[in-house]
Every structure is written in C-alpha cells, then in structure tokens.
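The values are calculated or read from the model by the stated rules, or taken from the named source; none is laboratory data. None of the values given here were measured: they were computed from a predicted structure. Don't worry about glycine lacking a Cβ; one is built from the backbone with ideal geometry, like all the others, and counts go over all protein chains shown. Areas reflect the complete protein model, heavy atoms only, side chains present, ligands, DNA and RNA absent. Shrake-Rupley method; radii C 1.70, N 1.55, O 1.52, S 1.80 Å.
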Amino acid sequence: MEMRDYLQSCSSCGFQRSDSIGIAECPRCGKTLKYLYRRIREIKSSGFLDSSLSGMWKYHQLLPVDDLGSCVTLGEGGTPLTDSHRLRSRFGFSGRLLLKDETQNPTGTYKDRPASIGVTKALETGSRLVAIASDGNAGPAVAAYSARAGLDCLVVMPEDTPMERNIQAVLYGARLILVKESTVSECIDLVNELSGTFDWTHLTTAAAVNPYHIEGTKTIAYEIAEDLGWSSPDWVIVPAGGAGLAAATWKGFLEMKVAGMINKLPRLLVVQAKGCAPVVRAFKEKKRRVERWEKPNTKATAIGVPYPLDGDWALEAIEESGGYALTLSDEEMNKAAMILARSEGVFAESTGAASVAGFARALEEGIVGGEETVVAVVTGSGLKSISLFGELMDESRVIGRDSSDLNSVVEEYMQADREDLGTP
Ligand SMILES: [Zn+2]
C-alpha cells in the first residue's frame, strides 16, 4: 500500500485502502467508505490551512488529492458568513443568526465544492468522461467544472427539472439526458447501473456512489468555524435532499475537533419538505435507517429526494450532535426565500432558503432560542429556479410615458409603505 496522507476506511468491518482512485463502497461489507487523514492530529501545528490559497482549496491538507497543481477551480468556497440583523429582529431572536451564503459560488450552489474536487480527481486519475445524476444543482456544477477541465460530461436529470437548470448544464457543454416520469433517485439508479459498463467517473453527489463529494462539501464547516474565530456555533441548519450536506457538515466539524482546532461541536438541525421527508420521518421514529418515501409531493424538487443515499449517515450525524429534524411546507420555504431577499438582499431558491424557514420554525417551537449562535446554510441561488417566482411580476406596474402617471404610482407606493410599516 502506497503511503498517502489520506486513506479510505470502513467503520463497520475495518477495511482500509489508500489509492488515488477513490471507491464508494467497502468491497468487503458494502458500507460507505470514509476518508481519514493520517496527520490530522499534527495538522494544527503545521497549519490547518494554507493561507497562500483562497476558497476551499486552502484546506487541501484535508482533501484527498495528490497534486495540488492540477486542481480544477472556478473560485469555489470562501463564501461569506454574515450576521443577519434585520432577519433576527424580524423573528424576535435575541441570539446571533448568521447566514452562510453559498449562493455566491461560481454556478450558484454549494455543489461547486464537490464538483471542484470530483472533477479534479477525474482528471488526476485519467478519466476522460464524468457522469452525474442530478435534480439541477450538482449537474450544472459538474458540467461547468468539466468544461474548465476539458472533460466530457453526461448529466442525467428528471424530465420536469426547471428549465433554468437544464439550460445551465447545456450551456456548459454537457450532454443532457432527461428521464421521463422520474425523480432524481431513479436517475441515480440508472447511472449507477451502467457504471460498470462505461469508464466514467461517477460524480453524483452522494457518498454511496461518489467518494469525493463529502470531502468537498465538508469545507463549509471549516469556513464557518474559521470565520467564528475557530469555534462552533450552537446550531448549524441545513436542508436535506440526498442528505450529504448534513453528513459532510458534521464530518467537517468532527475533523476540526480531532485536529484540536475547535473545542466543542455544534448541533445539527436538518430540514426537509413536508411532502418528501424520509430523513425527518426516520429521526422522529428513532430509526437507524432511512426508508424510501413512496409518493413525493412537493414543488421543492431540489430537496425532494425520495431515497436519500446519505440519509443513514445524516441520521447518525443528527443523533451524535444532539440535533433535531423538522419538515416545512412549500409555502414556508417560498416565503422564507422572499423574506431573505427582502430583509438581507440574499437571493436564494426556496430550497436554499429552507434553512431560514427552518430557523423560524425552530425558534417558534423553542428548539433554538436564548442567546444561541445559529448558522443557516443558504445552499443555492434563486436564479436557478426563477420561474417559480413568476407571480411576483403581478406586483409590478405598467404606466404611460407621462410624469403624472409616475407621480401617482409613486404616491400610491409611499402611502402603501406607510400602512405596511404601521407608522402614523
Ligand atoms: Zn466494510
């Protein structure tokens, strides 16, 4: 076995391997393999991060790459963590509410992090083709990084994926394949089934099929802790579709704890759509395994994943962190996206704002409160599902080219604003 700084390990049977090409499943028992880092206990003194780099690659000592010079980057990571004063007072919260704004990644989603490392590994291991099943966030992200690396890319998505996402993938030069009457879970199954037939690197963002995805995504946790002066917030709120984000966030914090960078761990609050909530259901029923949600009924397709491949890992993370899981209606998420845009100037898709909706609910139910510090991860840009907000155009006014027209409309607005604010 070649001595690399990183290795993959099975927490169930103890199998270990250290190879440049990662594999997802333990060949002995089938469990999902996790990356470990040999030098993690020394890493605090050697410098947890490489300050000559920006974005997620500054944490390359805890990423499974051999040649840093070949990493495929578009400037992912390094996203802002901002105090949201207006939201906080709107919700009547006396603690600290921070937004981790992942909409600012190159293709508008946190999925740029796993795409960056996934395509880097595809290149490093000599692959010419990458394949991904996606609901429209990770697919375009992988398409963009493949374009950057000069690799061919196949993106497989459900036929009813919003057009903004389809176009994004095609524009980046990916071959887009739309599957009739499917959810992303069936698309993943299709790609997985043919993974032995074609020599592609499978970059679907689920640890059960793509070993690199958790490693890229966990850098969100590193950045949160770094921005808080190497400490943990009390809570981190994440939406769960495939549930890899929850698993990865937890892995990131655990690694920092082992490395001695932070003293305490946060609690995880995982939110899902009411119409498709397999992780929340398993959490509430105190199950160890997530079961397939039979009839998904939500417009929040980006998190409406009937069978979350990283669900068991996420459940474990919620449990270990002393966390919580709750469901949200589509309306709650849409409303949160609007409030987030209007209170903080952050334009998120409704599933991206699900963490904010989750915060509002958790506050109401007394799950969070007091002087706690809460980080809501805003996962993706509203530009990726802008047609969902089409009815907002009803709020606009069309006038003639006469200044008196403009005058009367503005007067009307001023009047309405005063009434809205309840000022005399
Ligand atoms: Zn095993």
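Remarks
- Share of carbon and sulfur in the accessible area of the chain stands at 50%, probe radius 1.4 Å.
- Within the chain, percent of DSSP bridges classed antiparallel, to nearest 5: 30
- If you sort the three axes of the alpha carbon gyration tensor as a ≥ b ≥ c, you get a/c of 1.5 or more for segment 290-338 and a/b no higher than b/c, which makes it oblate.
- Label-to-label distance, GLU181 versus LEU406, with points set 7 angstrom from Cα along the beta-carbon direction: 5.5 nm.
- Rounded to the nearest 20 debye, dipole of segment 112-268 from Cβ charges on Lys, Arg, Asp, Glu: 380
- Segment 218-305: relative contact order as a whole-number percent, Cα under 8 Å and 6+ apart: 30
- Dipole magnitude of segment 1-86 about its Cα centre (Cβ charges: Lys, Arg +1; Asp, Glu -1), debye to nearest 20: 400
- For segment 239-286 versus segment 301-330, the gap between their alpha-carbon centres in whole angstrom: 7
- Simple spin-label estimate for ASP152 and ILE21 in nanometres, 7 Å along Cα-Cβ: 1.8
- Inter-label distance, nm, simple model (7 Å from Cα along the C-beta direction), ASP160/LEU383: 2.7
- The calculated 222 nm mean residue ellipticity attributable to helices in the chain amounts to -10500 deg cm²/dmol, summing -39500 (n - 2.57) over DSSP H runs of n ≥ 4 and dividing by all residues.
- Centre separation in Å (Cα based) which lies between segment 152-212 and segment 10-87: 24
- Summed side-chain charge close to PRO158 - residues other than PRO158 whose Cβ falls under 9 Å, Lys, Arg +1, Asp, Glu -1: -4
- If R0 is 25 Å, the Cβ-Cβ spacing of MET3 and GLU285 corresponds to a FRET efficiency of close to 0.05.
- Summing Lys and Arg as +1 and Asp and Glu as -1 over all other residues whose Cβ lies under 12 Å from the Cβ of GLN16 gives a net charge of +4.
- Taken per residue, the accessible surface of the chain reaches 44 Å², heavy atoms only and a 1.4 Å probe.
- Subset of LYS100/LYS264; LYS264/LYS384; LYS44/LYS100 violating a 31 Å alpha-carbon distance limit: LYS264/LYS384
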